[in-house]
Amino acid sequence: MSTTKYESMKIPILKISEYPTWRVKMLMYLEAMDPDYLDRIRDGPYIPTKFVERTDTVPEHYVVKAKAEWTPEEKAHVLREPKIKNILHNSLDAVMSNRVIACKSSKEIWDTLETQCQGSASVKKNRRALLIQEYEQFDARPEESLTDLYDRFLTLLNNLSLVDKVYETEDSNTKFLRALPEEWDTQTSIIRHQYDLNIVSLDEIYGMLRTHDLEVQQRKNKKSSKAKSIALNVEAKSKGKAMEVSRRKAREAESDPDDSSSDTDGNPDANTGDESSDSDMEEMVAMIVRNFRRMKSGRIEDKATFRKRPSKQTKTSISKRAARVANLTSQRLDATSVMVWVTLLLNVTRQRHSSHQARIGWTLPQNLILR
């Protein structure tokens with residue numbers, strides 16, 4: 001059954017930079033395989049002996065048994081030694097295995113690895129002093145999370161225990177709470193006053209702080225999502241209003257294109273159109289006034305120009321100008337006063353000089369005469 005366990009369990013592999021962790025894992029592995037393995041790396045290999053009683057010439061003493069004299073129990077103890085050596089060698093890479101390949105026992109391999117990775121006694125002493133100094137000066141780093149701080153402090157405590165320096169529970173708990181940033185002052189004060197730091201473990205303190213940290217993060221996420229939702233609603237409303245204004249302007253432009261074109265502010269093309277309409281209106285009114293004066297004074301001459309009927313193109317041009325004048329008058333000027341004046345002027349002209357219309361050869365557009 002022991003062989004089955006050995007074959008199924010994974011052997012921890014040594015990395016020099018992680019020797020303290022490997023040492024703990026290997027001790028746990030050996031103890032799980034067989035508790036007697038720890039005795040072998042601490043006390044050396046098991047050697048069967050027997051007691052020899054005292055004689056007249058030789059005092060009582062122990063001597064090594066011959067292999068043929070071994071009992072089954074003694075054989076089992078002896079066979080543990082090569083198993084431990086095999087486990088240790090399988091946990092090493094080629095470089096480290098070459099450094100301990102000449103060792104005769106598992107204890108010798110273990111001690112050699114300890115010296116190679118941890119140093120001699122003087123090196124251990126210096127390392128211990130450095131770890132104690134790091135513990136005394138332990139503090140949170142900028143932008144360091146609670147979990148990272150806890151892991152770093154726990155690693156420091158483990159390294160101190162490997163050099164036989166163990167602090168009291170109250171001392172380590174107080175050191176950890178004081179190392180937290182100022183934002184944790186309220187929580188650390190509550191823990192110091194409500195809990196006995198001699199009893200509560202460092203893991204329990206971390207658990208309480210972690211729970212509070214998660215609650216704070218949840219509240220922040222909730223506020224952030226709420227603010228984002230409000231921003232999206234405002235943006236949607238703004239887009240809706242903008243689309244409604246665009247649709248309303250489009251409907252107004254479709255229902256009254258002349259007004260939209262004439263009311264355009266700051267558009268050079270619109271101003272050019274207005275100036276053209278003003279000139280057309282002035283030209284048409286001036287022509288009407290000239291004809292009225294000629295008719296009134298009787299100076300209308302029977303010339304070929306007047307007897308000749310105007311061409312179709314001329315009539316079309318005059319009609320367009322008259323329509324443009326009427327349109328501009330209704331949009332920009334005082335429609336009532338202008339149109340009344342033009343109507344009276346044209347009606348008087350038609351009544352007093354009806355005989356001259358035939359001689360002139362053309363009639364004014366009917367859309368200028370309001371009935």
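Some observations on this one:
- With a Förster radius of 22 Å applied to the beta-carbon distance between residue 90 and residue 18, the computed FRET efficiency rounds to 0.80.
- Phi-derived couplings, Karplus 6.51 cos²θ - 1.76 cosθ + 1.60 at θ = phi - 60°, listed residue by residue for segment 25-38: 5, 5, 4, 5, 5, 5, 5, 5, 5, 6, x, 5, 5, 5 Hz, with x used for Gly and Pro.
- Across segment 165-171, rounded Karplus estimates of 3J(HN,Hα) from the backbone phi angles (6.51 cos²θ - 1.76 cosθ + 1.60, θ = phi - 60°) give 10, 10, 9, 5, 4, 5, 5 Hz, Gly and Pro being marked x.
- Length gained on full extension, residue 171 to residue 220: 14.3 nm, using 0.36 nm per residue less the C-alpha separation.
- Computed from phi, the 3J(HN,Hα) profile of segment 245-252 under the Karplus parametrisation 6.51, -1.76, 1.60 (θ = phi - 60°) reads 5, 5, 5, 5, 5, 5, 5, 5 Hz, with x in place of Gly and Pro.
- For residue 164 and residue 98, a Förster radius of 30 Å and the Cβ-Cβ distance give a FRET efficiency of 0.50, rounded to the nearest 0.05.
- Between residue 68 and residue 212, the modelled label-to-label distance comes to 7.7 nm, taking each label 7 Å out from Cα in the direction of the beta carbon.
- Tensor-based shape of segment 31-150 (alpha-carbon gyration tensor, a/c under 1.5 rounded, otherwise prolate or oblate): prolate
- Net +/- balance of residues flanking residue 150 in space, Cβ distance below 15 Å, scoring K and R +1, D and E -1: -2
- Over 30 Å between alpha carbons, listed pairs 67/104; 10/125; 175/222; 50/104; 65/125; 220/241: 10/125; 175/222; 65/125; 220/241
- Backbone N within segment 164-181 under 16 Å of label point (7 Å from residue 203 Cα along the Cβ vector): 169, 173
- Shape analysis of segment 158-199 places it in the oblate category; the axes a ≥ b ≥ c from the Cα gyration tensor give an a/c of at least 1.5, with a/b not above b/c.
FYI, it's all coordinate maths here, none of it is from the lab. From a predicted model like this one, the values you see are computed outputs, not experimental measurements. Note that each Cβ is placed from the backbone with ideal geometry, even for glycine, and that neighbours are counted across all protein chains shown.
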